[in-house]
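Everything below concerns the one structure shown next.
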Amino acid sequence: GTFGDYGGQYVPEALMPAVEELADAYERYVLENEDGFVDELRRHLRDFGGRPTPLQRAAALSERYGHDVYLKREDLLHGGAHKLNNALGQVLLAQYMGKERIVAETGAGQHGTATAMACAYLDVDCEIYMGRTDINRQRPNVFRMRTHDAAVNAVDAGSGTLKEAINATLRDWATNVEDTHYVIGSVVGPHPFPSMVRDFQAVISEEAREQAIEQIGDLPEAVVACAGGGSNTMGSFANFLEDESVALYAVEAGGDAITVEEETGVAPHSASLSAGEDGVLHGARTKLLQTEEGQVVESHSVSAGLDYAGVGPELAHLVDQGRVEPVHVDDDAALTAFHRLSQDEGIIPALESSHAIAYLEDADFDGPVVVTLSGRGDKDLDTVIEESERRDVAAAPSMGVFTE
Amino acid sequence: GTFGDYGGQYVPEALMPAVEELADAYERYVLENEDGFVDELRRHLRDFGGRPTPLQRAAALSERYGHDVYLKREDLLHGGAHKLNNALGQVLLAQYMGKERIVAETGAGQHGTATAMACAYLDVDCEIYMGRTDINRQRPNVFRMRTHDAAVNAVDAGSGTLKEAINATLRDWATNVEDTHYVIGSVVGPHPFPSMVRDFQAVISEEAREQAIEQIGDLPEAVVACAGGGSNTMGSFANFLEDESVALYAVEAGGDAITVEEETGVAPHSASLSAGEDGVLHGARTKLLQTEEGQVVESHSVSAGLDYAGVGPELAHLVDQGRVEPVHVDDDAALTAFHRLSQDEGIIPALESSHAIAYLEDADFDGPVVVTLSGRGDKDLDTVIEESERRDVAAAPSMGVFTE
Amino acid sequence: MRETDAMGERAIRAAFEGGPALVPYVVAGDPDPEATEAYVEALVRGGADVVELGLPFSEPIADGPTIESGIRRALDAGMTPSRYLDLVADLDVDVPIVTMTYYNLLFRYGDGDVEPFVADAAAAGVDGLIVPDLPVEESGPLREACEQHDLALVFIVAPTTTEDRIERIVEQASGFVYVQARLGTTGARADVSEQTYESLDRLPDADVPTAVGFGVSSGEQARAIVAGGADGVVAGSVFVDIVASGENVADRLERTAADIKAGATEASSASSVSEPERT
Amino acid sequence: MRETDAMGERAIRAAFEGGPALVPYVVAGDPDPEATEAYVEALVRGGADVVELGLPFSEPIADGPTIESGIRRALDAGMTPSRYLDLVADLDVDVPIVTMTYYNLLFRYGDGDVEPFVADAAAAGVDGLIVPDLPVEESGPLREACEQHDLALVFIVAPTTTEDRIERIVEQASGFVYVQARLGTTGARADVSEQTYESLDRLPDADVPTAVGFGVSSGEQARAIVAGGADGVVAGSVFVDIVASGENVADRLERTAADIKAGATEASSASSVSEPERT
């Protein structure tokens, strides 16, 4: 249950039995394929989810950087992001465990949507907690969750964003733990969540590694993936961890700048791996954006999906070990990468994924590089248009067609 | 170039040389795989587009109807609809022909988006014509086209919708025909478009047929696909045409009612196959919604993507021959099917595709049925919410979470 | 009903025989049938040798914005194929009338058979047809009906038309050959494109006259075009613009027609003794 | 600095010896440190045997909306771990003080080592700790530090806690065992859940006292809980609500504390001669 110093099960006693029950189920069903759980999950991921996703050589990026760039196309997964790998895995596991009800937190709404989708598919009751602020700024995803008939519970506390939604979901779980499973959306939380979510997302690197060997004839020089909570990151890295020749880059949201304003309790970035300090949050010891006194700060990123003060404990450990290199790109660079991919490759990437793409500008690679495109960016269009205009991003096309 | 009495090349003389040049290129590259065109296209569809798409057994629908229902998941194609099959094929063909510029019309914006995407991917200049009314009610798709750096040319004439956009694109093509290819979005237009677009979309039924044989062990009893212009329909049927045991249902948009109001020149539906009369429009003889005097009427459907007064000439022929059965479902039934699939199967379908799903309620099948899910419905959420509320559709979930 | 010496195809040819012909275009029923009658008369007073009268269709794919607007006005005012034929029958002018329209209207008029329209058109006094969405390849049924009823079927030669297509078109053409001055759609322009001269040069000495259209709006252009070898000019958008203005329409139609006709005639006198002059 | 007869773990145990104990909770620094001092004194006047004083943390996952609001008020007013310890040191009451907070604050205080906080807390006069996000499994380092500095480390037993976990918890517990009355989070409620009695029944005759919390807000509830076998009651949200109102706070805290205490005491007298009475 731990990764070096990180991880653990820092949860209220009321949840410990559920956490232990889940750890047991994880071992039996996920690790040992009891009752054919893994086989069934793979079938769902193929038929419902659309796996495998392609590993695509990006012609324009390859030309730009003078070496082959391959995109792992998680944006083509049902729902438009890698999130479904995990949501489907956990909802199915909850069914194997006999749980009748699913709760989940969501920030930008991607995990909530994936969970609602998986619950509709597998016919399980679903309630999603979402901060009031997020509800009002992520309306399309709220519509999608409601369209899948999931209840969306508004959380009015605090700033009304992801942290508060997690707190509220933990409370719901603590109240209804006997018949309810909490589908955590990333490689965070108490054991077994970080390991379990990693395993559900590891299909990304399982496929990418096979595809690389088949298409490139060799392992890539590096794998690049964006890191918020880190589920896409760990999923992209998992099957390459033992390939020592493959460098692993976790690209964090640099936001405006890598600082913490102690006074206001705000970090204008979300780079927990690069700039966080050890702490304990949401069930695990990990790297956190926090004040000197240990209060968790409000993080920031132009990408709502990366905007989280914590990070998966295993990633924290891999960074300390030197196996994973944390890097970061700022909001402007991510926006520019968003436009570059849209214009040059015909793919509108999620703003999260745009961070990974943007890192290619800073990097100095020689060989083939795999970049995980964790999701599609339709959901981000309004934000990108607004922010590109506000910041006068040179790469942004004009939207003047409406003005006549 | 004809299908029975239908088809032909009813275009201005200025375009005839281009149409002949295209017919020649179609034969050489598409039919004869000259220079490996077909191989290259298949590679792009796999790596960039995400083909093959799954044929998924829909558990809830199968239970509801008492027989197996399989969904051909074109919603998982890059861009979210089957449109890319054709757009990518034509843009690549234009490159093989040495054309430097692409124009296309778009109504709801799906074909324009797919074309813009393909042009960004293949690095070709792209201009999309779109009616002013459509631009203002389909903003997200306009954003997507602009994000791919395609020019979006507003067409102010008439009602500012698809017909006017087609007219404007034909005029652009007539003006710039020497260096420009017109990417028509459906199996309409002068020869070779109906055949060529069918062939590009036939990958749907090529895969579905193989998948059915592999998964079901037999051919399906029927294939059901929605029909607007008919590219999804012909793509879904093409490889089953010679399987006489397989019934083929083209589901048209019944709108409010199957009538034509001669006075106002409006048809409150888009069921050209079911209710159209022979005529000549946009380059081909086909079935049309028109007044007794031959003026083309404004069609209607809650689904903008089906809202077209014409239909592919080959479909018209197949209907006359009795090989394809035209059926129709109305707006309310399509909305209900939209909600059913979203809630019971975890898939938000395009409103176009919802018509095909809705037909299962009326049909009386025994054996396995393949329904093509031509696209995803994220784009339709606003319309569906508004129309469901206005019509008081019982299956629609409340969106009250915003009202507090 | 109007009366002319010759009918149909022969009438049109005859109209080109007395020197360069002016073929003006207006939309029938824009803004109403009575006005159209007056406008056609004005054009004839201004020197029109043939009148091209538009029968409005809802999808005018070969026309530019100006004529498209005229078509919408006529449709909104209730113009139909039957009313169109009534209007033609009522015209009191002694020049040939050529109907410009799209194929679907002819097709629907006879429920899939184009002969009934041609028969009724001939009876109403129409002398020829121009159908811009009907290339020679698809023209068989209409050509047959036109021959049967002695109507001209005018084909267009475009700048993109290949040599072997020109041959086929000229072979099938009757009345005159419509030389499309430039790529694109109809619409008034100030210049004469180089494509016009190239197209004229490419036309062999056919036994049908040639008239250049698409963008012709002034006497100066007409002079250059006729000097370039054309037997006439077609002008449409410039007249439809005048109709749209609603101001002093008949007078201005007449004066503009006279201006264009004068340019054409002037070039004809010059070119009869020298090489075609090009501007 | 306040002075008491015993310190730390022994002081807490002693507080449970004179009959059923009342353990009220307020958030330190809500709305400011001076007010908190006055409120703690009022609670003691009302009969508090131990005071549970919240050290506010930004992510109070085990608390309900009432206490969460108190925590935000305290954080907004500038409460920090250092100021908290200053506040405790300044308190002038002779009951034990138990710090309720979350693990990260203790962890950060010593830059990853919890001992410095425990040492400073002991020096400031804190007698015990309740850390709701710290299950026994993760409690090793903190338990060690608490033993070293003679502080009680109070563990929670929840309705979901299994038999073997109860055994382990009771084994590790010091001061008292906090019996969580129901699933969910803190927050005042009107009734006493059946789970409360079940939990109390499942607790073996440990040598640490038991106090029931989560939802206790009235003397009637306290009476039932003590009648059910508890050695004390913990009440928080009811007091934080009074603080939030800002009206006549000290008086109302004292009266409410007295009311709950009276209920508990009444039950104790009754139950010393009869079976636990259940409502």
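The values are calculated or read from the model by the stated rules, or taken from the named source; none is laboratory data. None of the values given here were measured: they were computed from a predicted structure. Here the Cβ positions follow ideal geometry from the backbone for every residue, glycine too, while neighbour counts run over all protein chains shown. Only protein heavy atoms, including side chains, enter the accessible area calculation; ligands, DNA and RNA are left aside. Shrake-Rupley method; radii C 1.70, N 1.55, O 1.52, S 1.80 Å.
Quick notes
- Filter result (away from chain A (no Cβ under 12 Å) and among the small types (Gly, Ala, Ser)) within the stretch B:333-353: B:Ala333, B:Ala334, B:Ala337, B:Ala350, B:Ser353
- A:Leu219 meets all of the listed conditions (1) open to solvent by less than 30 Å² (accessible area, probe 1.4 Å); (2) closer than 25 Å to A:Arg57 by Cα; (3) more than 16 Å from the chain's Cα centre (by Cα); (4) of a type outside the set (D, E, K, R) but one, namely (1).
- Of all residues in the stretch C:148-186, those being crowded, with 24+ Cβ neighbours inside 10 Å and touching a Pro at 6+ places or on another chain (Cβ under 6 Å) number 1.
- Close pairs from the stretch B:295-323: first under 22 Å from B:Ala157 (Cα atoms) and open to solvent by less than 40 Å² (accessible area, probe 1.4 Å), partner assigned to a loop (DSSP other than H, G, I, E, B) and charged (D, E, K, R), Cβ under 8 Å, at least 6 apart: B:Val296/C:Glu59; B:Ser299/B:Asp307; B:Ser301/B:Asp307
- Residue, surrounded by the most Cβ atoms within 10 Å (Cβ to Cβ), within the stretch B:60-73, restricted to residues that are within 11 Å of chain A (Cβ to nearest Cβ) and outside any strand (DSSP E or B): B:Ala60
- When the stretch D:147-170 is filtered for residues that are away from chain A (no Cβ under 14 Å) and free of Cβ contacts under 8 Å to residues at least 60 places away in the same chain, the ones remaining, listed by number, are D:Glu147, D:Gln148.
- Summed over the stretch B:379-389, residues that are open to solvent by 30 Å² or more (accessible area, probe 1.4 Å) and under 18 Å from the mean Cα position of the chain (by Cα) total 1.
- Single residue of the stretch C:68-104 satisfying the filter (part of a helix (DSSP H, G or I) and touching a strand residue (DSSP E or B) at 6+ places or on another chain (Cβ under 7 Å)) that is nearest to C:Val154 (Cα to Cα): C:Tyr103
- Residue match in the stretch D:118-128 (condition: among the acidic types (Asp, Glu), farther than 16 Å from D:Val27 by Cα and open to solvent by less than 30 Å² (accessible area, probe 1.4 Å)): yes
- Residue-level check: of (1) within 16 Å of A:Val329 (Cα to Cα); (2) open to solvent by 30 Å² or more (accessible area, probe 1.4 Å); (3) part of a helix (DSSP H, G or I), A:Ile213 misses just (1).
- Residue match in the stretch C:67-79 (condition: closer than 17 Å to C:Arg143 by Cβ, hydrophobic (A, V, I, L, M, F, W, C), more than 19 Å from the chain's Cα centre (by Cα) and within 8 Å of another protein chain (Cβ to nearest Cβ)): no
- The stretch A:1-49, residues that are within 11 Å of chain D (Cβ to nearest Cβ) and in a helix (DSSP H, G or I): A:Glu13, A:Ala14, A:Leu15, A:Met16, A:Pro17, A:Ala18, A:Val19, A:Glu20, A:Glu21
- In the stretch C:87-120, the residues that are of a type in the set (A, V, I, L, M), touching a helix residue (DSSP H, G or I) at 6+ places or on another chain (Cβ under 8 Å) and within 14 Å of another protein chain (Cβ to nearest Cβ): C:Leu105, C:Leu106, C:Val114
- Being touching a strand residue (DSSP E or B) at 6+ places or on another chain (Cβ under 9 Å), among the charged types (D, E, K, R), touching a residue at least 12 places away in the same chain (Cβ under 8 Å) and over 22 Å from D:Phe214 (Cα atoms) holds for only one residue in D:Glu9, D:Glu37, D:Glu52, and it is D:Glu9.
Table: residues versus (1) open to solvent by 10 Å² or more (accessible area, probe 1.4 Å); (2) assigned to a helix (DSSP H, G or I).
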residue: B:Ala333; (1), (2): yes, yes
residue: B:Ala337; (1), (2): no, yes
residue: B:Ser353; (1), (2): no, yes
residue: B:Ala358; (1), (2): no, yes
residue: B:Gly367; (1), (2): yes, no
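- When A:Ala394 is tested against (1) assigned to a helix (DSSP H, G or I); (2) aliphatic (A, V, I, L, M); (3) free of Cβ contacts under 8 Å to residues at least 60 places away in the same chain; (4) over 30 Å from B:Leu77 (Cα atoms), just one condition goes unmet, and that condition is (1).
- Of the numbered criteria (1) touching a residue at least 40 places away in the same chain (Cβ under 8 Å); (2) open to solvent by less than 10 Å² (accessible area, probe 1.4 Å), the one A:Lys163 fails is (2).
- One residue from D:Pro132, D:Pro141, D:Pro159 being in a loop (DSSP other than H, G, I, E, B), under 30 Å from A:Arg285 (Cα atoms), modelled with pLDDT of 95 or more and not aromatic (Phe, Trp, Tyr): D:Pro132
- Every residue from the stretch B:189-199 that is in contact with a Leu (Cβ under 8 Å, 6 or more places away or on another chain) and open to solvent by 10 Å² or more (accessible area, probe 1.4 Å): B:Asp199
- Considering only residues in the stretch C:243-273 that are of a type in the set (A, V, I, L, M) and surrounded by fewer than 22 Cβ atoms within 10 Å (Cβ to Cβ), the one that is farthest from C:Ala42 (Cα to Cα) turns out to be C:Val273.
- Verdict on C:Asp49 being open to solvent by 20 Å² or more (accessible area, probe 1.4 Å), modelled with pLDDT of 95 or more and assigned to a helix (DSSP H, G or I): no
- The set of residues from the stretch A:116-156 being of a type in the set (Asp, Glu) and closer than 29 Å to A:Leu41 by Cα comprises A:Asp123, A:Asp125, A:Glu127, A:Asp149.
- Checking A:Arg376 against (1) under 22 Å from A:Gln138 (Cβ atoms); (2) surrounded by fewer than 23 Cβ atoms within 10 Å (Cβ to Cβ); (3) among the basic types (Lys, Arg); (4) within 14 Å of chain B (Cβ to nearest Cβ), the condition it does not meet: (2)
- Boolean, B:Gly283 is touching a residue at least 12 places away in the same chain (Cβ under 8 Å), open to solvent by less than 10 Å² (accessible area, probe 1.4 Å) and within 12 Å of another protein chain (Cβ to nearest Cβ): yes
- Applying the criterion of being in contact with a Leu (Cβ under 7 Å, 6 or more places away or on another chain) and part of a strand (DSSP E or B) to the residues of the stretch D:9-33, the residue that is farthest from D:Ser245 (Cα to Cα) is D:Pro24.
- Flag for A:Asp278 being surrounded by fewer than 24 Cβ atoms within 10 Å (Cβ to Cβ), within 14 Å of another protein chain (Cβ to nearest Cβ), modelled with pLDDT of 95 or more and touching a Gly at 6+ places or on another chain (Cβ under 6 Å): yes
- Looking only at residues of the stretch B:250-275 that are touching a helix residue (DSSP H, G or I) at 6+ places or on another chain (Cβ under 7 Å) and surrounded by fewer than 24 Cβ atoms within 10 Å (Cβ to Cβ), we find that the one that is farthest from the other protein chains (Cβ to nearest Cβ) is B:Asp256.
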